[in-house]
Amino acid sequence: MAEARSIAVLGTGIMGAPMARNLVRTGFSVRVWNRTHAKAAPLAADGAEVCDTAAQAADGVDFVLTMLGDGAAVESTMTGRGDNGPNVLETMRDHSIWLQCSTVGIDACERLGRLADDAGVSYVDAPVLGTRKPAEDAELNVLASGDDALRDRCAEVFAAIGQNTRWLGPAGMGSRLKLVMNSWVLAVTSAVAEAVALAENLGLDPALFLSTLEGSQLDTPYAHLKGEAMIRRDFTASFPSGGAAKDATLIVAAATSSGVNADVARAVLQKMRRAVDAGHEDDDMSSAYLVTVPS
């Protein structure tokens with residue numbers, strides 16, 4: 001069989017759009033679809049074919065990559081329920097592979113896998129680590145899981161969007177590790193928000209917090225990334241608070257079902273929900289700082 005080079009990207013938001021651009025740049029024939037057409041339309045200038053329905057995008061391609069907001073959005077898109085048009089799974093040809101890159105949690109991942117099995121579609125659970133800038137720079141980390149026989153076929157796609165791919169075993173292991181990693185990311189962001197706020201309220205320059213961390217065993221680049229944004233009051237979305245609240249909900253659910261008393265994750269969830277309730281759903285999750293020091 002000739003080398004697979006065609007792909008449909010379903011979902012062209014903060015992550016999906018730069019992923020599609022990088023696939024075009026590396027030589028893939030790329031079709032794109034987004035429920036809000038205006039978010040997909042600019043990709044035509046980058047060389048992607050913008051489609052009116054998800055099924056049109058998926059028809060005849062070698063890969064279908066979903067990068068949507070949550071499990072329900074992925075399921076409705078792939079099955080054609082709601083207003084998403086024809087059934088994508090029925091449109092996919094026999095040898096095409098579904099690369100499910102959204103963060104959907106354990107239960108939804110398993111449900112999507114069953115849908116793929118019922119349709120006879122190869123399914124790779126492959127959420128990605130990284131936000132807007134790593135997506136733009138093709139420096140995502142792909143947490144892939146699925147049939148080991150699919151690894152070679154998927155490698156070129158993952159190389160186009162990321163700097164590293166980990167294959168983790170059967171489908172579902174990628175989603176499990178993504179929740180583990182995001183539990184740490186969300187906890188660090190929340191802790192930095194409180195440290196910056198505490199420094200300011202104690203009469204300190206909050207930059208002292210970051211400069212004192214630098215080079216120590218306590219240091220992490222992510223603390224500087226989010227801490228500097230908080231100090232500048234720049235909440236341009238890389239990982240929106242709405243998505244952070246959704247992921248925190250999935251993390252708490254996974255912890256509860258697996259017998260982990262996730263006190264930190266529960267506190268993070270409350271903070272992210274407060275940020276959303278305060279109107280920061282579409283702002284970066286670093287806006288949690290704003291609800292750490294109530295006005």
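The values are calculated or read from the model by the stated rules, or taken from the named source; none is laboratory data. Quick caveat: nothing in here was measured; it's all calculated off a predicted structure. Backbone-built Cβ (ideal geometry, glycine too); neighbour counts: all protein chains shown.
Taking the stretch 180-197 as the search range and keeping residues that are aliphatic (A, V, I, L, M) and surrounded by fewer than 24 Cβ atoms within 10 Å (Cβ to Cβ), which one is farthest from Pro127 (Cα to Cα)?
Ala197
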Hey, among the residues in the stretch 253-291 that are buried (at least 20 other Cβ atoms within 10 Å of the Cβ) and of a type in the set (Val, Ile, Thr), which one's farthest from Ser190 (Cα to Cα)? Val276
Scan the stretch 156-204 residue by residue and report those that are under 30 Å from Arg21 (Cβ atoms) and either among the acidic types (Asp, Glu) or in contact with an Asp or Glu (Cβ under 6 Å, 6 or more places away or on another chain) (or both). Glu156, Gln163, Ala171, Gly172, Gly174, Ser175, Asn182
Does the stretch 107-125 contain at least one residue that is at pLDDT 95 or above, out of contact with any Phe, Trp or Tyr (no Cβ under 6 Å at 6 or more places or on another chain), surrounded by 24 or more Cβ atoms within 10 Å (Cβ to Cβ) and among the acidic types (Asp, Glu)? yes
So which residues in the stretch 237-266 are in contact (Cβ under 8 Å) with a residue 60 or more places away in the chain and more than 25 Å from Ala72 (Cα to Cα)? Val264
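Please state which one of Ala57, Ala72 is out of contact with any strand residue (DSSP E or B) (no Cβ under 8 Å at 6 or more places or on another chain) and either of a type outside the set (S, T, N, Q) or farther than 24 Å from Arg21 by Cα (or both).
Ala72
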Regarding the stretch 156-175, can at least one residue be identified that is at pLDDT 95 or above, in contact with a strand residue (DSSP E or B) (Cβ under 6 Å, 6 or more places away or on another chain), under 22 Å from Gln270 (Cα atoms) and surrounded by fewer than 19 Cβ atoms within 10 Å (Cβ to Cβ)? no
Of the residues Ser238, Ser211, which single one is of a type outside the set (D, E, K, R) and within 17 Å of the chain's Cα centre (by Cα)? Ser238
Out of (1) surrounded by 13 or more Cβ atoms within 10 Å (Cβ to Cβ); (2) closer than 19 Å to Leu129 by Cα, what's the single condition that is false for Thr236? (1)
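So how many residues does the stretch 163-210 have that are more than 30 Å from Pro294 (Cα to Cα) and part of a helix (DSSP H, G or I)?
Count: 6.
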